[in-house]
Amino acid sequence: MTHAACTDAPPTDSLHQRLKDVFGYDTFRLHQEEIIRHVVGGGDAFVLMPTGGGKSLCYQLPSLMRPGTAIVISPLIALMKDQVDALRHNGVAAACLNSSIPDEEARQTVADMRCGRLDLLYVAPERLVMDGFLNMLDSADIALFAIDEAHCISQWGHQFRPEYTQLSLIKRRFPGVPVLALTATADDATRKDIVAQLGIGGAPAFISSFDRPNIRYSAEYKQSAPRQLLAFLEAHRGESGIVYALSRRRVEEVAKALDEAGFSASAYHAGMPSERRTKVHNEFLGDRVDIVVATIAFGMGIDKPDVRFVVHYDMPKSIEGYYQETGRAGRDGLPAFGHLLWNMQDVVQAGRFIDEIADGEQRRVEAHKLNVMLGFADSMSCRRRALLGYFGEVLADDCGNCDVCDNPPETYDATIDAQKALSAVYRLGGRYGAGYVIDVLRGSGNERIAANGHDGLSVFGIGAELSKDAWSALVRQLVHRGYLLQDISDYSTLKLLDPAWPVLRGQESLTLAKPPAPRPKAERAAKPKSKAAMRLGPLGTELFEHLRALRRSLAGEENVPAYAVFSDATLVDMVERLPHSEHEMLSVNGVGQAKLERYGELFLDAIVEWEQKSA
Ligand code: ADP
Ligand code: ZN
């Protein structure tokens with residue numbers, strides 16, 4: 001049960017050498033080095049790293065440094081093939097066993113393993129616990145067990161898989177073999193459960209920050225969602241990204257609109273035939289389609305490191321979901337974007353679903369989660385602080401990489417404006433929604449107002465000096481801060497809450513964010529530059545695209561995901577270093593020996609060809 005000390009851990013040089021030779025990387029990330037040294041030395045470990053943090057390397061590298069085969073337990077058959085492809089491209093002997101593998105190939109894999117020719121073997125948990133398989137393992141040399149997505153073992157976690165609970169037999173049956181449990185999602189209860197169930201209670205926990213500093217979070221209030229989406233995507237043409245929408249119908253509509261606007265986009269949702277879904281998935285991985293517009297059915301299994309943006313076209317129901325979905329962007333560590341489009345209608349709609357939940361406790365929890373999500377969307381302070389705060393992590397400073405940090409809202413003494421809005425709600429008896437209240441404040445010629453005689457109210461027209469947008473921003477803040485209730489159980493009508501009274505009576509003043517002034521046309525038209533363009537300049541971006549095209553065609557020929565050839569991060573580094581020899585090519589981050597042999601010449605030629613063309 002105890003883990004061996006790292007006495008026989010390898011010298012640092014040989015670790016770094018392997019990192020460079022095989023994976024082509026110069027440095028370790030987060031706790032990778034500590035973990036790897038610990039496991040190579042024979043220790044068990046619990047690893048908590050955010051998505052994209054680089055968990056795989058924590059067992060892949062040790063599998064090369066320890067005698068025998070590493071057994072990787074992974075719940076996603078679809079992912080195994082991609083991982084194995086990527087490893088083989090790095091010259092690592094990897095294979096997988098699952099229901100989709102033909103018998104002949106499976107027999108070969110077992111034979112390879114028996115004679116010590118296999119570094120890594122990926123299996124599904126169902127397979128691992130089969131008697132025949134366990135007997136085979138008894139007579140084989142095992143380097144380590146890695147349990148990926150380890151939270152699936154716990155009923156506390158949100159993706160419990162019953163077949164995972166049987167994995168507790170590993171430590172009993174193979175007490176001397178290191179066990180590595182890896183996950184990206186684990187609160188304290190889940191974490192304790194994982195190590196207890198796996199019988200590795202004494203193992204150290206390596207916990208990395210949840211922060212994803214390369215993702216820029218931003219949110220925009222939806223006025224005209226299609227236009228806003230196009231404006232965002234315009235700055236990201238040619239990049240890989242995901243647009244999440246709430247319903248299948250919406251997914252189809254958005255995909256169509258993007259297609260008409262000349263984007264390479266495909267729809268993906270659970271209502272489509274599975275062949276079609278697989279096709280879209282593969283085209284996305286192969287860079288043959290840039291944007292997938294999807295419901296959250298497009299989730300587990302998107303292991304594409306160079307997703308540059310994730311847009312939410314509708315507000316997700318919880319921060320957990322939102323964080324997991326945006327986490328699919330920028331796994332390669334390069335700049336990436338998480339952009340949220342939302343409005344009060346989204347909140348109202350989500351609220352309706354919650355109202356239908358029969359169980360009172362669950363309803364309360366869901367309503368709370370939705371409220372926290374709303375708080376994030378409507379945040380007037382650093383979004384990363386809000387996000388990490390939700391996961392119990394405190395940032396020392398504002399992040400400097402979110403829309404609020406870039407453009408902090410100006411605040412002003414909003415007492416008088418708030419009083420106007422609150423009195424209008426009061427005068428209207430709490431029976432009207434925000435749009436109507438604002439029309440009354442602005443003295444609109446709305447017929448319904450006249451018919452109801454509300455044009456005779458003292459509050460009619462007292463807010464004519466502010467725009468609709470300004471009023472709705474103010475009303476949102478009042479809702480958000482608990483002065484007004486937007487009653488989702490009653491047609492979203494606005495109602496006064498108790499804290500409104502001291503404000504109305506002038507006993508309390510209120511500081512709120514100034515509503516954003518309407519942007520001048522010129523600025524609206526100015527197009528933000530894409531990240532590649534920002535980092536590489538126009539010429540560099542051209543070369544980058546040239547190399548990407550080569551990558552796409554190679555990946556297509558070999559039928560592997562594009563990143564199995566080279567990641568975006570590697571291509572960017574290639575553009576910056578402009579290698580002209582094999583030796584220089586090897587210095588590029590992500591180019592190891594195997595890839596140098598396989599692709600080095602092709603990419604060196606492509607660089608020269610491009611240089612001649614643009615000279
Ligand atoms: P996770 O499983 O934690 O979500 P992965 O293991 O898939 O993350 O790694 C995410 C990406 O980061 C992959 O493209 C991987 O090749 C890359 N990566 C991992 N470790 C390093 C490193 N030390 N240097 C550079 N890139 C790395
Ligand atoms: Zn910030």
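The values are calculated or read from the model by the stated rules, or taken from the named source; none is laboratory data. Every value quoted in this text rests on a predicted model; they were computed, and no experiment measured them. All Cβ positions, even for glycine, are placed from backbone atoms using ideal geometry, and neighbour counts span all protein chains on display.
Quick notes on this structure:
- Of all the listed residues (Ala424, Ala414, Ala418, Ala434), the sole one being at pLDDT below 90, under 17 Å from Gln477 (Cα atoms) and buried (at least 20 other Cβ atoms within 10 Å of the Cβ) is Ala434.
- Those residues of region 34-67 which are hydrophobic (A, V, I, L, M, F, W, C) and surrounded by fewer than 22 Cβ atoms within 10 Å (Cβ to Cβ), in sequence order: Leu57, Leu64, Met65
- For Lys81, the criteria (1) touching a residue at least 40 places away in the same chain (Cβ under 8 Å); (2) within 25 Å of the chain's Cα centre (by Cα) hold in every case but one, which is (1).
- Check on Leu180, surrounded by 23 or more Cβ atoms within 10 Å (Cβ to Cβ) and within 16 Å of ligand 1 (Cβ to nearest atom): yes
- Criterion (more than 16 Å from ligand 2 (Cβ to nearest atom) and at pLDDT below 90) met by exactly one of Met65, Met49: Met49
- In summary, Lys256 fulfils each of the numbered conditions (1) farther than 28 Å from Phe544 by Cβ; (2) in contact with a Ser or Thr (Cβ under 9 Å, 6 or more places away or on another chain) with the single exception of condition (2).
- Hits in region 393-420 - residues which are more than 9 Å from ligand 2 (Cβ to nearest atom), touching a residue at least 40 places away in the same chain (Cβ under 8 Å) and of a type outside the set (Val, Ile, Thr): Glu393, Pro409, Glu410, Tyr412, Asp413, Ala414, Asp417, Ala418, Gln419, Lys420
- Among the conditions (1) in contact with a helix residue (DSSP H, G or I) (Cβ under 9 Å, 6 or more places away or on another chain); (2) touching a residue at least 40 places away in the same chain (Cβ under 8 Å); (3) under 30 Å from Gly286 (Cβ atoms), Asn214 misses just one, which is (1).
- Scanning region 38-73 for residues that are within 13 Å of ligand 1 (Cβ to nearest atom), polar (S, T, N, Q) and closer than 16 Å to Val92 by Cβ turns up Ser56, Gln60.
- Matching residues, region 166-193, being out of contact with any helix residue (DSSP H, G or I) (no Cβ under 6 Å at 6 or more places or on another chain), small (Gly, Ala, Ser) and either without any contact (Cβ under 8 Å) to a residue 12 or more places away in the chain or under 25 Å from Arg66 (Cβ atoms) (or both): Gly176, Ala184
- Of all residues in region 300-336 being within 13 Å of ligand 1 (Cβ to nearest atom) and β-branched (Val, Ile, Thr), the one that is surrounded by the most Cβ atoms within 10 Å (Cβ to Cβ): Val307
- Answer residue from region 345-401, given it is assigned to a helix (DSSP H, G or I) and among the acidic types (Asp, Glu) and is surrounded by the fewest Cβ atoms within 10 Å (Cβ to Cβ) among those: Glu361
- Annotation: of all residues in region 21-30 being within 11 Å of ligand 1 (Cβ to nearest atom) and not basic (Lys, Arg), the one that is farthest from His583 (Cα to Cα) is Leu30.
- Residue ID - farthest from Val479 (Cα to Cα), chosen from residues in region 380-390 that are touching a residue at least 40 places away in the same chain (Cβ under 8 Å) and more than 9 Å from ligand 2 (Cβ to nearest atom): Leu388
- Qualifying residue in region 186-204 (condition: modelled with pLDDT under 95, within 16 Å of ligand 1 (Cβ to nearest atom) and not in a helix (DSSP H, G or I)): yes
- Residue in region 156-166 that is farther than 30 Å from Thr326 by Cβ and in a helix (DSSP H, G or I) present: yes
- Residue within region 458-470 that is modelled with pLDDT under 85, under 30 Å from Tyr322 (Cβ atoms) and away from ligand 1 (no atom under 16 Å from the Cβ) present: yes
- Residue within region 491-498 that is in a loop (DSSP other than H, G, I, E, B), in contact with a strand residue (DSSP E or B) (Cβ under 6 Å, 6 or more places away or on another chain) and either within 22 Å of Val404 (Cα to Cα) or not aliphatic (A, V, I, L, M) (or both) present: yes
- In region 602-613, the condition of being of a type in the set (D, E, K, R) and closer than 28 Å to Val84 by Cβ is met by no residue.
- Among the numbered conditions (1) under 30 Å from Thr278 (Cα atoms); (2) modelled with pLDDT under 90; (3) surrounded by 14 or more Cβ atoms within 10 Å (Cβ to Cβ), the only one that Thr570 does not meet is (2).
- Segments classed as helices (runs of 4 or more DSSP H), wholly inside region 218-312, with at least 1 members that are of a type in the set (Asp, Glu) and assigned by TED's automatic domain parsing to the domain that holds Gly53: none
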